[in-house]
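Input: a single structure, listed below in structure tokens.
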Amino acid sequence: EAQVTQNPRYLITVTGKKLTVTCSQNMNHEYMSWYRQDPGLGLRQIYYSMNVEVTDKGDVPEGYKVSRKEKRNFPLILESPSPNQTSLYFCASSLQGALGYGYTFGSGTRLTVV
Amino acid sequence: GQQVMQIPQYQHVQEGEDFTTYCNSSTTLSNIQWYKQRPGGHPVFLIQLVKSGEVKKQKRLTFQFGEAKKNSSLHITATQTTDVGTYFCAPNAGNMLTFGGGTRLMVKP
């Protein structure tokens, strides 16, 4: 089944403890992206990647890192999480973003930082 | 990314009534995508509009792209309880997909 898989689905952590949210897609998509969704603020893009080893900042990149060593994986790294990073996170992928293919989203990761 | 305003933020309708959400931009959009997110779910791609004045239909859903490519709308005819969710428009500027604030649709049976 074609899908974007995020792990974990739920995570509670403490301030300052490094964490990684994994994202993997099995559709051979070039484009991958991370979003966070907050009440009243909608979906905001954190980082995106156009292909292996090519990443760039979205609208809200502060406090996050990403890497794209393989085409299928695009992990989101929080080096020192803070409570304002408590949010619902979505990973998404697309065949070719510039040509306007729809994005396929993962099921989301609900992160709570205490 | 390109900024868009979506209205209304919320809409309650009686089952069987029609529903429309609007997406407005101050700048010309190259294309626009629409997504639906069910409560507790993730956004699901519905459609993309590219051409000026384009109209596309999916069963009871009608999508339009304005002549000036600065606005778009989604119209649902005779809503059903399965239509419940938040509908987002999202201009696709190539590398960045920017989401509008969404319209949350609630349907009373």
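Using a cut-off of under 12 Å, list every residue of segment B:1-37 whose amide N is near the label point 7 Å from the Cα of B:Met106 along the Cα-to-beta-carbon line.
B:10-14
Taking 0.36 nm per intervening residue step and subtracting the Cα-Cα distance, what contour gain separates B:Val50 from B:Gln80 on full extension?
Between B:Val50 and B:Gln80, full extension yields 8.0 nm more.
Computed on alpha carbon atoms, what radius of gyration and Dmax characterise segment B:4-108, expressed in Å?
Every Cα atom of segment B:4-108 included, Rg and Dmax give 12.9, 39 Å.
Set the Förster distance to 30 Å, then compute FRET efficiency between B:Ala68 and A:Val52 from the Cβ-Cβ distance, nearest 0.05.
0.20
Could I have the simple spin-label model distance between B:Ser30 and A:Lys65, label points 7 Å from Cα toward Cβ, reported in nm to one decimal?
About 3.1 nm, to one decimal.
If you rank A:Lys57, B:Lys56, B:Lys36 by how much accessible surface each has, with a 1.4 Å probe, what is the order from largest down?
Order by accessible area, largest first: A:Lys57, B:Lys56, B:Lys36.
Using the crude model of +1 on Lys and Arg Cβ and -1 on Asp and Glu Cβ, and no other charge, please compute the dipole size for segment A:48-109 relative to its Cα centre, in debye to 20.
Result for segment A:48-109 is approximately 220 debye, rounded to the nearest 20.
Can you compute the charge dipole magnitude of chain A about its Cα centre, using +1 on each Lys and Arg Cβ and -1 on each Asp and Glu Cβ, nothing else charged? Give it in debye, rounded to the nearest 20.
280
Obtain the nm distance between the two label points defined at B:Gln3 and A:Leu41 by a simple spin-label model: each point lies 7 Å from its Cα along the Cα-to-C-beta direction.
Roughly 1.6 nm, to one decimal.
I'd like the accessible area for B:Val44: 1.4 Å probe, protein heavy atoms, all chains in place, Å² to the nearest 10.
70
What's the whole-number percent of alpha carbon pairs in the protein assembly as shown lying beyond 20 angstrom?
58
Considering only lysines 8 or more places apart in sequence, or on different chains, count the pairs in the protein assembly as shown whose C-alpha atoms sit under 23 Å apart.
23
Show me you know the interface measure: the accessible area buried between A and B, both chains summed, probe 1.4 Å, in Å² to the nearest 100.
That pair hides around 1500 Å² of surface in total.
Compute a Gaussian network model of chain A, connecting alpha carbons closer than 10 Å, and tell me which residue from A:Tyr31, A:Tyr89, A:Tyr64 fluctuates the most.
So, out of A:Tyr31, A:Tyr89, A:Tyr64, the one fluctuating most is A:Tyr64.
I'd like the accessible area for B:Ile32, computed on protein heavy atoms only with a 1.4 Å probe and all protein chains in place. Round to 10 Å², please.
0
What is the spin-label model distance, in nm, from A:Thr20 to B:Lys57 if the labels are put 7 Å beyond Cα along the C-beta direction?
5.0
The values are calculated or read from the model by the stated rules, or taken from the named source; none is laboratory data. What you see is a predicted model, and the numbers here were worked out from it, not measured in a lab. Cβ: placed from backbone, ideal geometry, glycine included. Neighbour counts: every protein chain shown. Please note that ligands, DNA and RNA were not included when accessible areas were found on the heavy atoms of the full protein model with its side chains. Shrake-Rupley method; radii C 1.70, N 1.55, O 1.52, S 1.80 Å.
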